[in-house]
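Taking it in order: structure first as C-alpha cells, then the write-up.
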Amino acid sequence: AREKADAARAEEKRRATAAAGGWLPSGAAQAVEGVPAAPGLAIGRIVRMQPEGMEIPDEPIELGRAADLLHVALAQTAEQLHALADDTARRLGESDAAIFRAQAGLLADPDLITLASQWLVEGHGLAWAWHRAYEDMAARLSALRNPVLAARAADLRDVGRRVLAHIDARFARSSLSDLPEGTILVADDISPSDAAGLDADRVAGLVTALGGPTSHTAILARTLGLPAVVGAGAGVEGLQSGTRAIIDGHGGRLWLDPAEEDLASARDWIAAEEARRARAAEARALPATTRDGHRIDIGANINLAEQAAFALDQGAEGVGLMRTEFLFLERSDSPTEDEQMEAYSAMARALEGRPLVIRALDIGGDKQVAHLDLPREENPFLGVRGARLLLRRRDLLLPQLRAIYRAAASGSQISVMFPMVTSRGELLELRETCERIRQELAAPVVPLGIMVEVPSAALLAAELAAHADFFSIGTNDLTQYALAIDRQNPQLAAEADSLHPAVLRLIDLTVKGAEVHGRWVGVCGGIAGDPFGAALLAGLGVQELSMTPRDIPAVKERLRQSDRPALQALARRALACPDAEAVRALAAEAP
C-alpha cells in the first residue's frame, strides 16, 4: 500500500511539473528523486565522487613540535581561506565570499583547539588528534538535527580537512579541477570549498545524497547557475561514472539513460529557457505593470549593502527584505549598535533613496547563533523565536532599534518589520518600544510592519492591521506552519508546497484584512520569485513582491504579459482547488 501511495505521489508530482511548464521525458524513465536546490535543466554524464573514508594513522611526536606544526598549519589554512574568499568575491560576489571568511573564524574556535590539544597531551599523533577533534565536534553538531548547525558541521569538516592537508600532505584531497566537460557531479556531499572552485563551463550540475536547499553548497550552486539536487539519499548509491543523465534542478530529479528523443526534447527546452531569460533580461529595468496599467512593486531579498548594486541591475526597485540576522550569524559576537547603524546606513546609501525594509533580528527555529546562548529547545520552530525572542531579549532588540532609527535620520525610505508576530499584544509592545526609542533619539517616524508567517496572524489580519503599517507574508514559514511540515526535512520538502490552497487562502485572508485599514501587503517568501506564483499573488491583491535578485527579470516579464482581471480570475480558481497539484496544473492555462 505504501509503494502504491509513493507511486501515486510521484505521478502527481510529474503531472504538476508538466503543467507548470517544467521538463519531463516522453515516456517511462528511471529517475533519482531528491530536493530541488538550484533551478535549471542540463544534460551531461555522471562523475561519481567516492567518499574519502580516510584512515589517519596515530603517529605520536614530541608535544612541543606538534604544537608548532599545528600553529603553522592553522596559519597556512587561514591564508588559504582568505585567498579563496578574495577569489570568490571577484568571481561570485561578496555574499558568497563571506562563507569562507566565516570558515576562517572556525580556526580560532577555542573548543576545537582545546579538544585537539587534549588528544596531543594524551600522547596521540598530531594528524590523528586534529582529525579526531574536528570530526567529534562536527558529529555533535550534526546530531542536533538542526539544518543551520548541520551546515556549520559541514563547514567545520571542510576547514578541518584543509588544516589536515597542511599537517601532512598525504591527506590532501583530490582536485576537482580536471573534470571533463558536461560533468554531472554526484557525491555523498560536496564541501563549500569544492563547490566554489568548480568550473561552471565544465560542470553541468550537482547531485548529493546529503545536504539541504539552504546549505552553503546549494547557495553557491545557485550563484554559479548550476542545477542542483540535494538530499537524494540512497538514490545515489550505485550510480556509475559515465552514465548519461539529465539533471532537473527545479523538479529535484536526475533522469538516467535518457532516450534520444528525450535528449532532443531537453535540448529544445534548454534553448527555449535561454531565449526566455534573454528577453526578460533585456526588459528588466521596466516596471512590473500589467497590460491594463496595474503596477506591482518589485523588491529584492538581500543581506548586505554590497549586494544592492546587483539587485538594482536585475531590476529591483528597492529592498523588500534585508535579513539582519546575517550580521549576527557570520561572527563570534553580536554587532554593536554603531556597527549595525553603519550596515543599515550603507544599505540605504547603496539604494540611493529607494525603499528599504529592514527585518528585525529573526533568530530561532532553523537559525541559531551560538554566542547568543539561547536555551536548547526540543522543537525550536515552535519555541522562542522571532518576536517572542526579541521581547525576551531586550539586549538584542534595543540596540538594533536604536541603530535603525539613527540610520533613518538621514532621510532614507526605511521601514521596519518584525518576524513571527502571533498576536496583537506582541505588536503593541513592539510599537511602544519603537516609539519610546524614536522619541529619545528625536528620530523621524518609521513605518512599522509585521511578517505574516503563522496562521494566527493571517486569521487576525484585520485586527493586526489596525496597528501595523504594512504586512509582508513569509510564505516559506506560513506553509510550514499551515501544513505542519518541517520545510528543512528532505523527505517532506517536496510536499511543503506554498501553492497549496490552504496557504493561498491564508494569503487571501491577510490581503482582505489589510484592506480594512488600507494597509499594503507584500510577499517575500519563495513563491514571490516564481513567475506563476507571482501571477497568483498579484491576482490575490498582493501589492509588492520581493525575491532573490536573479528571479526578478522573469517575474517582471510574466506580470507585464498579464491583465489584472485575468490574474484575479486565476486566483479565484486557485483558491477553489483541492490541492497544490491542482493549483500548479492551472499554470498550463494561465493568462
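Once the range 279-296 is narrowed to residues that are outside any loop (DSSP other than H, G, I, E, B) and among the small types (Gly, Ala, Ser), the residue that is surrounded by the most Cβ atoms within 10 Å (Cβ to Cβ) is Ala288. Among the listed residues Arg90, Arg14, identify the single one that is part of a helix (DSSP H, G or I), crowded, with 17+ Cβ neighbours inside 10 Å, modelled with pLDDT under 75 and not aliphatic (A, V, I, L, M). Just one listed residue meets the conditions, Arg14.
Go through the range 297-310 and give me each residue that's crowded, with 24+ Cβ neighbours inside 10 Å and farther than 23 Å from Ile363 by Cβ. Correct list: Ile298, Ala308.
For the range 181-212, a residue qualifies if it is outside any strand (DSSP E or B) and either surrounded by 24 or more Cβ atoms within 10 Å (Cβ to Cβ) or at positive phi (or both), and the qualifying residues are Gly182, Ile190, Pro192, Ser193, Ala195, Gly211. For the range 483-509, residues that are at pLDDT below 95 and assigned to a helix (DSSP H, G or I) total 4. Within the range 213-246, track down each residue that is surrounded by fewer than 23 Cβ atoms within 10 Å (Cβ to Cβ) and in a loop (DSSP other than H, G, I, E, B). Correct list: Thr214, Gly225, Glu237, Gly238, Leu239, Gln240, Ser241, Gly242, Thr243. Of all positions in the range 261-270, at least one carries a residue that is among the aromatic types (Phe, Trp, Tyr) and within 30 Å of Pro180 (Cβ to Cβ). When Pro258 is tested against (1) farther than 24 Å from Leu390 by Cβ; (2) in the same structural domain as Ile358 (by TED's automatic domain parsing); (3) part of a loop (DSSP other than H, G, I, E, B), exactly one condition is not met: (2).
Would you confirm whether any residue within the range 111-134 is of a type outside the set (S, T, N, Q), assigned to a helix (DSSP H, G or I), at pLDDT below 80 and more than 15 Å from Gly197 (Cα to Cα)? The answer is no; no qualifying residue exists.
Contact map, the range 158-169: residues that are on the phi < 0 side of the Ramachandran plot paired with residues that are surrounded by fewer than 24 Cβ atoms within 10 Å (Cβ to Cβ) and β-branched (Val, Ile, Thr), Cβ distance under 6 Å, separation 6+ or inter-chain. Pairs shown: Arg162/Thr77; Val163/Thr77; His166/Thr77. Name the residue, out of Ala187, Ala165, that is within 19 Å of Pro36 (Cβ to Cβ), modelled with pLDDT of 75 or more and out of contact with any Asp or Glu (no Cβ under 6 Å at 6 or more places or on another chain). Only one candidate qualifies: Ala187.
Would you say Val503 is assigned by TED's automatic domain parsing to the domain that holds Ala580, in contact with a strand residue (DSSP E or B) (Cβ under 9 Å, 6 or more places away or on another chain) and either surrounded by 24 or more Cβ atoms within 10 Å (Cβ to Cβ) or free of Cβ contacts under 8 Å to residues at least 12 places away in the same chain (or both)? When the stated conditions are applied, Val503 does not pass them.
Among the conditions (1) touching a helix residue (DSSP H, G or I) at 6+ places or on another chain (Cβ under 9 Å); (2) at pLDDT 90 or above; (3) of a type in the set (A, V, I, L, M), the only one that Ala281 does not satisfy is (2). If we scan the range 211-234, do we find a residue that is at pLDDT 80 or above and of a type in the set (Ser, Thr, Tyr)? Scanning the range 211-234, I find no residue that is at pLDDT 80 or above and of a type in the set (Ser, Thr, Tyr), so the answer is no.
Annotation: of all residues in the range 25-37 being at pLDDT 85 or above and of a type in the set (A, V, I, L, M), the one that is farthest from the chain's Cα centre (by Cα) is Ala31.
One residue stands out among those in the range 510-551 that are part of a helix (DSSP H, G or I) and acidic (Asp, Glu): the one that is modelled with the highest pLDDT, which is Glu515. Please work out if Leu396 is within 27 Å of the chain's Cα centre (by Cα), among the aliphatic types (A, V, I, L, M) and either assigned to a helix (DSSP H, G or I) or more than 21 Å from Cys524 (Cβ to Cβ) (or both). So Leu396 fits the description; yes. The residue list Ala196, Ala218, Ala209, Ala228 contains one member that is in contact (Cβ under 8 Å) with a residue 24 or more places away in the chain and over 22 Å from Val32 (Cα atoms), which is Ala196.
Taking the criterion of being assigned to a helix (DSSP H, G or I), touching a residue at least 60 places away in the same chain (Cβ under 8 Å) and either touching a Pro at 6+ places or on another chain (Cβ under 7 Å) or crowded, with 20+ Cβ neighbours inside 10 Å (or both), the residues of the range 311-342 that qualify are Ala311, Glu337, Gln340, Met341.
The number of residues in the range 427-439 being touching a residue at least 24 places away in the same chain (Cβ under 8 Å) and not β-branched (Val, Ile, Thr) comes to 7.
Filtering the range 567-591 to residues that are among the aliphatic types (A, V, I, L, M) and closer than 14 Å to Gly541 by Cβ leaves Leu567, Ala569, Leu570, Ala571, Ala574, Leu575. Can you tell which of Ala138, Ala102 is within 30 Å of Asp486 (Cβ to Cβ), at pLDDT 75 or above and in contact with a Lys or Arg (Cβ under 7 Å, 6 or more places away or on another chain)? That would be Ala138, the only listed residue that is within 30 Å of Asp486 (Cβ to Cβ), at pLDDT 75 or above and in contact with a Lys or Arg (Cβ under 7 Å, 6 or more places away or on another chain).
The values are calculated or read from the model by the stated rules, or taken from the named source; none is laboratory data. Since the model is a prediction, treat every value here as computed from it, not as a measurement. Don't worry about glycine lacking a Cβ; one is built from the backbone with ideal geometry, like all the others, and counts go over all protein chains shown.
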